[in-house]
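What follows is one structure encoded as structure tokens, with my remarks underneath.
The values are calculated or read from the model by the stated rules, or taken from the named source; none is laboratory data. Owing to the predicted nature of the structure, the values given are computational and were not obtained by experimental measurement. All Cβ positions, glycine included, derive from the backbone under ideal geometry; neighbour counts span all protein chains shown.
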Amino acid sequence: MIEVEISRARTFVTDQEFDSSYEKAKQAFRQVQQKDGEGAEWLGWRTLLSDPNDAILEQLDGLASAIRDDADVFIVCGIGGSYLGARAVIEALTSFFGQEGPEVLYAGHHMSGKYLAELIDYLGTPNSDGEAKSVYLNVISKSGTTLETALSFRMLRNWMADQYDELNDRIICTTSAEGGALNKLIEEHGYQKFVIPDDVGGRFSVLTPVGLLPIAVAGIDIRSLFYGAVSKYESLEKNAEQLLAYAAVKHALYEQGKAIDIFTTFEPELHGLCGWLQQLLGESEGKDHKGMFPAKATFSTDLHSLGQFIQEGTRNIMETFLCVESRNSRLKVEAQKPNHDGLNYLEGRSFHDINSRAFEGTISAHHEGGVPCIAVTMEKLNAQHLGAFIYLYELVTAVYCYCLGVNPFNQPGVEFYKKEMYQLLGKQ
Ligand code: PA5
């Protein structure tokens, strides 16, 4: 179950403002359902849940388990929607230290030569058994032409070609059915391929092979993730009141002039999820000079950097807390004598409990400081709940963007830096 608690945001919005935004949200949801809003040709992220393809889940599971048996390192090479979803789920559901199975590393999400050179050096070092590392590479690019990804892929596959006699099992490409440079390479070299459906855009693609293969390689149950999203889809089709109220209050706050929505969490393993949300919302709503800037923060860490601003700075922000109800560790505070550090008052308290009190204190302080606060709570942090969370936010994003009057599914602004960059690089 996922609870969306809007009461600490609702207090900043009049009934009239809320009702007017709620009507807009209802209309927006109808547009999504009836596929008659802007960008309706990109609603495939819903179709894949209304009509699940078990065969692809099985195929991905099979390949992932073969990779897990053989790989020391699995590289996810992609940028934006082509890697943020996988990274968010993997970070949320695997250990902070010493993960089981292949080490999942990322490339293609920037153009740092230092990073790439160090990555290649690292790949060339022996594994813990003193043998050459077994490396697999999943390049993910819907367009197949994104420079950051394509360039990293070239360097990595060239390095791999020098190491291994056969690359076809080791390189997996996830891309569009047709077109793009990646498809040319697949045809030429016979690399394995997974298709990104045409009607699913990058940031809405985590539940396609884009996200599912890396997630499965990390040892996460992709059926639970996928079917968690399917159940959320089904329940929201029946009753979307909670979602509409959320979209409505966020929209009403935007209309009042709130310019920043800070996604925060007290669970560091959810930092990546805040990053996925940042992209999902940022690239979807930030157009036509509209939208709230989605920021992210991890608490308590950032309470000691951004906390001051959130409490007392410019009042143009709202905050969305991502929480988990169930305990994620059994660690407790033990009494100590002498009590020089003065911490014995916490004796017997679990870190989960202490962290929860920090959350409650913070949301209450920020609300009192004039920040509308929303809390989104997953009952447990597992694949099923994360699947539900992913779909919930995909739908919130679509509905809220339609309320703003923008097309959620394109990103014309991203092209501007590319044009300038290509010109400077002398691309024909
Ligand atoms: O959401 C999006 O569409 C973008 O963030 C893309 O995922 C990102 O630009 C990467 O594009 P591509 O997969 O074509 O390399």
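Filter the range 57-72 down to the residues that are more than 16 Å from Ile220 (Cβ to Cβ) and buried (at least 17 other Cβ atoms within 10 Å of the Cβ) and list them by number.
Asp72
Has the range 99-111 got at least one residue that is in contact with a Gly (Cβ under 7 Å, 6 or more places away or on another chain), away from the ligand (no atom under 16 Å from the Cβ) and among the acidic types (Asp, Glu)?
yes
Out of everything in the range 156-170 that is more than 16 Å from the ligand (Cβ to nearest atom) and aliphatic (A, V, I, L, M), what residue ends up being surrounded by the most Cβ atoms within 10 Å (Cβ to Cβ)?
Among residues in the range 156-170 that are more than 16 Å from the ligand (Cβ to nearest atom) and aliphatic (A, V, I, L, M), the one surrounded by the most Cβ atoms within 10 Å (Cβ to Cβ) is Met160.
List the pairs whose first member sits in the range 294-318 and is over 16 Å from His271 (Cβ atoms), whose second member is part of a helix (DSSP H, G or I) and aliphatic (A, V, I, L, M), and whose Cβ atoms are under 6 Å apart, counting only residues at least 6 apart or on separate chains?
Hits for this filter: Met318/Leu253.
Consider Tyr233 against the criteria (1) more than 16 Å from the ligand (Cβ to nearest atom); (2) outside any loop (DSSP other than H, G, I, E, B); (3) under 25 Å from Leu63 (Cα atoms): it satisfies all of them except one. Which criterion is unmet?
Unmet condition: (3).
Can you name every residue in the range 314-352 that is surrounded by fewer than 13 Cβ atoms within 10 Å (Cβ to Cβ) and among the small types (Gly, Ala, Ser)?
Ser326, Ser329, Ala335, Gly342, Gly348
Taking the residues in the range 280-295 that are surrounded by fewer than 22 Cβ atoms within 10 Å (Cβ to Cβ) and within 14 Å of the chain's Cα centre (by Cα) as candidates, determine which candidate is nearest to Asn407 (Cα to Cα). Give the derivation first.
Initial filter on the range 280-295 (surrounded by fewer than 22 Cβ atoms within 10 Å (Cβ to Cβ)): 282, 286-291, 293, 295.
From the residues that got through so far, the ones that are within 14 Å of the chain's Cα centre (by Cα) too are 282, 295.
On the way: Gly282: 12, Ala295: 21 Å.
So, considering only residues that are surrounded by fewer than 22 Cβ atoms within 10 Å (Cβ to Cβ) and within 14 Å of the chain's Cα centre (by Cα), the one nearest to Asn407 (Cα to Cα) is Gly282.
Can you find even one residue in the range 370-384 that is farther than 26 Å from Leu48 by Cα and surrounded by fewer than 21 Cβ atoms within 10 Å (Cβ to Cβ)?
Within the range 370-384, one or more residues are farther than 26 Å from Leu48 by Cα and surrounded by fewer than 21 Cβ atoms within 10 Å (Cβ to Cβ).
Name every residue in the range 136-155 that is assigned to a helix (DSSP H, G or I) and within 15 Å of the ligand (Cβ to nearest atom), in order of residue number.
Within the range 136-155, Leu147, Glu148, Thr149, Ala150, Leu151, Ser152, Phe153, Arg154 qualify.
Look through the range 47-56, keep the residues that are in a helix (DSSP H, G or I) and without any contact (Cβ under 8 Å) to a residue 24 or more places away in the chain, and return whichever of them is surrounded by the most Cβ atoms within 10 Å (Cβ to Cβ).
Once the filter is applied, the top-ranked residue is Asp54.
Give just the number: which of (1) closer than 25 Å to Arg203 by Cβ; (2) modelled with pLDDT under 95; (3) of a type outside the set (Phe, Trp, Tyr) does Arg330 not satisfy?
Arg330 satisfies every listed condition except (1).
Tell me, which residue of the range 223-247 that is among the aromatic types (Phe, Trp, Tyr) and farther than 26 Å from Gly405 by Cβ is surrounded by the most Cβ atoms within 10 Å (Cβ to Cβ)?
Phe226
Just to check your reading of the model, which residue among Glu118, Glu103, Glu131 is acidic (Asp, Glu), modelled with pLDDT of 95 or more and within 30 Å of Met421 (Cβ to Cβ)?
So the residue among Glu118, Glu103, Glu131 that is acidic (Asp, Glu), modelled with pLDDT of 95 or more and within 30 Å of Met421 (Cβ to Cβ) is Glu118.
Under the condition of being surrounded by 22 or more Cβ atoms within 10 Å (Cβ to Cβ) and aliphatic (A, V, I, L, M), which residue from the range 248-268 is nearest to the chain's Cα centre (by Cα)?
In this case the residue turns out to be Ile262.
Output yes when any residue across the range 127-135 is surrounded by 15 or more Cβ atoms within 10 Å (Cβ to Cβ), over 25 Å from Asn410 (Cα atoms), within 16 Å of the ligand (Cβ to nearest atom) and within 26 Å of the chain's Cα centre (by Cα), and no when none is.
No: zero hits.
Just to be sure I understand, how many residues within the range 34-46 are in contact (Cβ under 8 Å) with a residue 12 or more places away in the chain and either in contact with a Leu (Cβ under 8 Å, 6 or more places away or on another chain) or surrounded by 13 or more Cβ atoms within 10 Å (Cβ to Cβ) (or both)?
Applying the first criterion (in contact (Cβ under 8 Å) with a residue 12 or more places away in the chain) to the range 34-46 yields 37-39, 41-46.
Right, trim to either in contact with a Leu (Cβ under 8 Å, 6 or more places away or on another chain) or surrounded by 13 or more Cβ atoms within 10 Å (Cβ to Cβ) (or both) and you get 37-39, 42-46.
Looking only at that region, the number is 8.
Between residues in the range 66-86 that are in a loop (DSSP other than H, G, I, E, B) and residues that are of a type in the set (A, V, I, L, M) and near the ligand (Cβ under 10 Å from one of its atoms), which pairs lie under 6 Å by C-beta distance while being six or more apart or on different chains?
Pairs found: Gly78/Ile140.
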